[in-house]
Amino acid sequence: MILFDRVTKVYPNQMVALSGLNLHIKPKEFVTIVGASGAGKSTLIKLLTREETHSSGKIIVGGLDYDTITSRDVPLVRRRIGVVFQDFKLLPGRRVGENVAFALEVSGARSREIKRAVPKMLKLVGLSTKENAYPHELSGGERQRVAIARALIRQPKILIADEPTGNLDPKNAWEIIELLLKINRFGTTVLLTTHNKEIVNALKRRVITINRGRIVKDEEQGRYTLEGGK
Amino acid sequence: MIQFWRVLTAGLRNFMRNMWLSTAATAVMTVTLTLIMVSFISNMALTATIKGVTDKIDVSIFLKNNLTPDQINGFKKSLTDSGNVISLTYVSPQQAVLNYKEQNKNNPQLIAALDQAGDALPSSVQVKAKDPKHLDVIEAVVNQAANKPLLDPTAPPSYTGSRKATIDRIVRFAGFFKTAGLAASAMFLVISTLIIFNTIRMAIFTRRDEIEIMKLVGATKWFIRGPFIFEATLYGIIAAIIATILSCLLLFGGATKVASYIDFSTTVSFFQSYILLIIVAEFVLGVIIGAVSSLLAMSRYLKL
């Protein structure tokens, strides 16, 4: 599903963010990536969503070799991957339903299709009653659910959750993690980055630890560790 | 197609959301398009006026009545050779009397006075000049020493009269107006481009989060750029509508007030015949200014 083969990313200021990174994530896996700030987690995600291009090595996602894609293909790549962020990135002037529908609108879905899909997705994330609410009327947990609904509305095979619980209290954080697990059970590959030690340890799923642009630890039922996996 | 409508809807929404900026940009664009149109109308009207006045003016050179046909033909040839002559007409003394009687047929007293004086009118050569600004060429021919003995000493040629001064004034005024109109139009063209450029720049800045989200969910470059281009072209379309209405009001309403000085009939009939073409031209111009300004702003501030 996701293959990184000796991937290196050097930024124009000569900062090496990833250095010969090898990574293989199988379909339907739930993988947590941990690492200190500046370890290379964000760069890894940016390479997956093609916000950045790798300097060397090979990236293959869902059978698509990233060396072969042009700038015209980038939107299509992004439509195959759902992404949620710590700061939700919702459109404040649009209602919940419109925010979720937005992802389908940009890809040219028909209005009828959108009207059918949005309520279903809101039901999945437990926000059926909030379709007409504005983001500022929701709690942090609810906003993150909207972001997840938007990321999933196009039924991507991969969902990247970049610090999705960073702005949430423990109760809401757990609800989001449970939602991600549910989505994973339906067959979506989930890639989670987090600094929340309790969540990582309680998940008992595959944990990849990154330090200074390299994978220093990769365990099937891993625990939260930093600094060289200690 | 559905994507196209979504881009238009988003552009319209952006336009409404930034009502003050949109109004300012549209107002400047309206001034620009109106100026261009007024400049066009004035040029057309002034050109028609000058043409009308100059067409009516003949330079009349009065000759002695005892010249031989060879002398007359020689004089006509020297005028033609000056290069500033469209046509030449020789008016014999008898023809001059007939013309005079025709012109004054409602004034029997004048005709009676002429009959009492006998064949008192001199023969003449009526010259229609190609370029009324350069009558000096004809004047030079008339003043040649060889031609002096042919002229009637009691009646000097008419180009030195007050009409030439009037024509000169109109020509000078038209030239000034044309230059001023062009300069003002060009200046406002630059100003409106800059203002729309700045409006779109601010729109890009205030919507940077939205743009980021659009990129994130896989919007194509044109789906992101489209609303900005449409927003800017909307300024042009609305401005074109207002400018056309203003210009027509000015032409059909205001023209009658100066109709005795300036010939608007050609311009009015041109407008009546080509009103659709004029509206389309205004729209196209407005859309081009809007689109080019927004594309410039996006190439600088919207990195996708």
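When the alpha carbon coordinates of the range A:46-141 are projected onto the principal axes, the ranges are 47, 30, 23 Å, largest first. Remark: chain B carries a charge dipole of roughly 1200 debye about the Cα centre, counting +1 on each Lys and Arg Cβ and -1 on each Asp and Glu Cβ. Sort the range A:1-52 into rounded, prolate or oblate with this rule: let a ≥ b ≥ c be the square roots of the eigenvalues of the Cα gyration tensor; rounded if a/c is under 1.5, and if a/c is not under 1.5, prolate when a/b is larger than b/c, oblate otherwise. Since a/c reaches 1.5 and a/b is larger than b/c, the shape of the range A:1-52 is classed as prolate.
From the alpha carbon centroid of the range A:30-90 to that of the range B:174-253 is 37 Å. What area, in nm² and to one decimal, does the C-alpha convex hull of the range B:102-254 cast on average over all directions? Spelled out: convex hull of the Cα atoms, projected over all directions, averaged, 17.9 nm².
With θ taken as phi - 60° and the Karplus curve 6.51 cos²θ - 1.76 cosθ + 1.60 applied, the whole-hertz 3J(HN,Hα) list for the range A:206-218 is 5, 10, 10, 9, 10, 9, 6, x, 10, 7, 9, 7, 9 Hz, x standing for glycine and proline.
Within the listed set A:SER37, A:SER19, A:SER71, the residue fluctuating most in the Gaussian network model of chain A (springs between alpha-carbon atoms under 10 angstrom) is A:SER71. The count of lysine pairs in the range A:70-221 whose Cα atoms are under 24 Å apart, excluding pairs fewer than 8 places apart on the same chain, comes to 28. Averaged over peptide A:101-107, the number of partner chain Cβ atoms lying within 10 Å of each residue's Cβ comes to 6.
Ignoring the sites themselves, chain A has its longest run without GluC sites (Glu not before Pro) in a DSSP loop having at most 12 other Cβ atoms within 10 Å at A:1-219. Computed from label points 7 Å out along Cα-Cβ, the spacing between A:PHE186 and B:LEU304 is 3.0 nm.
The phi torsions of the range B:293-301, fed into the Karplus equation with coefficients 6.51, -1.76 and 1.60 and a -60° offset, translate into couplings of 4, 5, 5, 4, 5, 5, 5, 8, 10 Hz, rounded to whole numbers, with Gly and Pro shown as x.
Shielding by partners for peptide B:217-226, expressed as the average number of C-beta atoms from other protein chains within 10 Å of each residue's C-beta, is 6. Overall shape: oblate for the range B:57-102, with the ratio a/c of the largest to smallest alpha carbon gyration tensor axis at 1.5 or above and b/c at least equal to a/b.
With the simple spin-label model, which puts each label point 7 Å out from Cα in the Cβ direction, the A:SER37 to A:SER56 separation comes to 3.1 nm. Note on A:ASP87 and A:LYS204: their simple-model spin labels are 3.7 nm apart, each label 7 Å out from Cα toward Cβ.
Mean per-residue shielding of peptide A:90-96 is 2, counting Cβ atoms of other chains within 10 Å of each Cβ.
Give the residues of the range B:1-42 whose amide nitrogen is closer than 20 Å to a point set 7 Å from the Cα of A:GLU113 in the direction of its Cβ. Hits in the range B:1-42 for A:GLU113 at 20 Å: B:1-10.
Evaluate 2.2 N^0.38 Å with N set to the residue count of chain A, then give the Cα radius of gyration divided by it. The value comes to 1.01.
Close amide-amide hydrogen proximity is noted between A:ALA133 and A:VAL96, A:GLY97, each under 5 Å apart and 5 or more residues distant or on a separate chain (H modeled in the peptide plane; Pro and chain starts excluded). Taking the convex hull of the alpha carbon positions in the range B:116-157 and averaging its projected area over all directions gives 3.8 nm².
The slack between B:ILE279 and B:THR68, meaning 0.36 nm per residue of separation minus the straight C-alpha distance, is 69.9 nm. Look at B:HIS134, A:HIS54, A:HIS195, A:HIS136 and count the other Cβ atoms within 10 Å of each Cβ; fewest to most, that gives A:HIS136, B:HIS134, A:HIS195, A:HIS54. The translational diffusion coefficient of the protein assembly as shown, from Stokes-Einstein at 37 °C and 0.692 mPa s with a Kirkwood hydrodynamic radius over alpha carbon pairs, comes to 108 µm²/s. Shown here for the range A:94-179: trypsin sites (Lys or Arg not before Pro) in loop regions (DSSP other than H, G, I, E, B) with at most 14 other Cβ atoms within 10 Å, namely A:ARG110.
For the pair B:THR23 and B:LEU194 in one chain, pulling the backbone fully straight at 0.36 nm per residue adds 60.1 nm over the alpha carbon distance.
In plain terms, the residue of B:PHE177, B:PHE188, B:PHE197 with the fewest other Cβ atoms within 10 Å comes first and the most crowded comes last, giving B:PHE177, B:PHE188, B:PHE197. Expressed in Å, the radius of gyration and Dmax of the Cα atoms of the range B:20-115 are 25.4, 81. When A:VAL190, B:VAL284, B:VAL85 are arranged by Cβ crowding within 10 Å, least crowded first, meaning fewest neighbours, the order is B:VAL284, B:VAL85, A:VAL190. Note: relative contact order over chain B, using C-alpha pairs below 8 Å and six or more positions apart, is 34 percent. So for chain B, what percent of the C-alpha to C-alpha distances run longer than 24 Å? Percent of Cα pairs beyond 24 Å in chain B: 67.
We did not get these values from a lab; they are worked out from the coordinates using the rules stated. Worth saying up front: this structure is predicted, and the values here are computed from it rather than measured. Because the Cβ atoms are built from the backbone with ideal geometry, glycine has one as well, and the counts that use them run over all protein chains shown.
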